[in-house]
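Structure record follows, encoded as structure tokens.
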Amino acid sequence: QYSVTGTLQVVFKEPLQLIAYIVMLFNISAQLTFFSLLVIPVSAFFISRIVKNLKSQAHAAQESYGNMISYLDEALSGIKIIKAFNAVSFIKNRFHNENERYANIGRAMAKRQQLSSPVSELLGVIMVAIILLYGGHLVLSGDKSLTAPAFIAYIAIFSQVMRPAKALTDSFSGIHNGLAAGERVLELIDERTEVKDRADAKLVKSFEKNIVFNQVNFSYTKDKEILQNIDLTIEKGKIIALVGPSGGGKSTLVDLIPRFMDVTGGQILFDGIDLRDLDQDSLRDMIGVVNQESILFNDTIFNNIAFANLSASQEEVEAAARIANAHEFIVKTEQGYQTNIGDRGGKLSGGQRQRICIARAVLKNPPIMLLDEATSALDTESEKLVQDSLYKLMDNRTTVVIAHRLSTIQNADKIVVIEAGKIVEAGSHSELIQQEGLYRKLIEMQQFTD
């Protein structure tokens, strides 16, 4: 901001003064002024050599500062892992090295910036001395174009020229700093979202029939298909359980429904309409999401639950918390629903964080739920409470769940087995057990908890 405002003041103010002074100098002596203008480029050349690398240095400084902030965030959020693996010295050294790099760049920039001012002063003195010699020669030689009084006036005005010229010179270093910082900001501003609504996108007002995957393909790059030829129908009110080996594409399939990404082949139909023809925001109003990772914000419990409905009353938030089996532990906290849960919910246990996320989804009350069961890291009591709240959440809703528990799978209306981006099996629990395929192998290998 300073680089922009400070430089703009100089750019609009100083050139006008500079032009006015030069016009006055031409009126006094055109010959001496032409000589002066020949000397000025020499001075400008030396200044430009000094500030030449400032832009690249400023860009490197911005990048290094961003790295330091990233390292600091990682260190604070992952402090338990860092200590558990005795990696404190490694993390400290990594941050220290980046800090040293940032300091070195800063010192190099400061040297160049501070050098430009005295150099410009010195060059200004040299220019005045040269003009004194040349102008004095013209006066002493009896040149009628320049008298002694006019020469004194000329020197007085020329000394005033140096101030705006020096200000413009000093502003160059600020411009380079501003350009480097501005480029990083503009990179973010110019970043385009991969998923865009069409100009005539339709608003989604309700969910009536089904969601149909029709020969759906998806890939992040051209080299590898994540999903291949997916054909799947999700009927309203049904529970679809997605199972299969890790990395098979289950999460990617779920992420396509709220249009976090668009398909690269085939189409997904929402009540018979291609998802790409629908407005993203109105589509997502129909969908609730509970991720494997509990995403919470540094705010109160109330505001985290009411995240999807800012106008929710205390009674509505409490009702959602009761369904999610969260009310009991919430009222035991220091300030109840107004308790701040810290960065990423760090003041809560894993099970408590998940129940807050489930309460948030309950309050939104969408017709479609996308769930990723994540109970393996919880103790038995928390796991039971979370699982019970998930069952309540799935009740009477269209649900797509990435299942990790056998009880969830058995209660599903349809089980879809995904391996290497393809649907290899689909059916009920009893049907798939009889097929003796991948699903049965997963069950026998105890991939699912009871």
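Read-outs throughout are calculated quantities, based only on the coordinates presented, and are distinct from any laboratory measurement. Since the structure is predicted, the reported quantities are computational estimates derived from the model, not experimental observations. All Cβ positions, glycine included, derive from the backbone under ideal geometry; neighbour counts span all protein chains shown.
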Gyration tensor (alpha-carbon) shape descriptor, segment 210-444, a/c threshold 1.5: prolate
Cleavage-rule hits (GluC sites (Glu not before Pro)) in segment 259-365: DSSP loop, at most 12 neighbouring Cβ within 10 angstrom: 293, 334
For segment 82-159 and segment 245-268, distance of Cα centres in Å: 58
Contour excess over end-to-end distance, with Cα ends at residue 311 and residue 299 and 0.36 nm allotted per residue: 2.7 nm
Among 64, 110, 77 - extreme Cα towards positive end, dipole of segment 58-112, charges at beta-carbon: 110
Point-charge dipole on Cβ atoms (K/R +1, D/E -1) for segment 277-409, about Cα centre, debye to 20: 220
Long-range HN-HN contacts of residue 372 with modeled amide H, under 5 Å: 290, 292, 402
Cβ-defined net charge surrounding residue 272, 12 Å radius [Lys, Arg +1; Asp, Glu -1]: -2
Extended-chain gain in nm, criterion 0.36 nm per residue less alpha-carbon gap, residue 221 and residue 271: 15.1 nm
For segment 96-106, Karplus couplings with θ = phi - 60° (6.51, -1.76, 1.60), whole Hz, Gly/Pro x: 4, 5, 5, 5, 4, 4, 4, 5, 5, 5, x
Interchain or long-range residues, amide H under 5 Å from residue 239's placed H: 399, 413, 414
For segment 293-370 and segment 404-432, distance of Cα centres in Å: 30
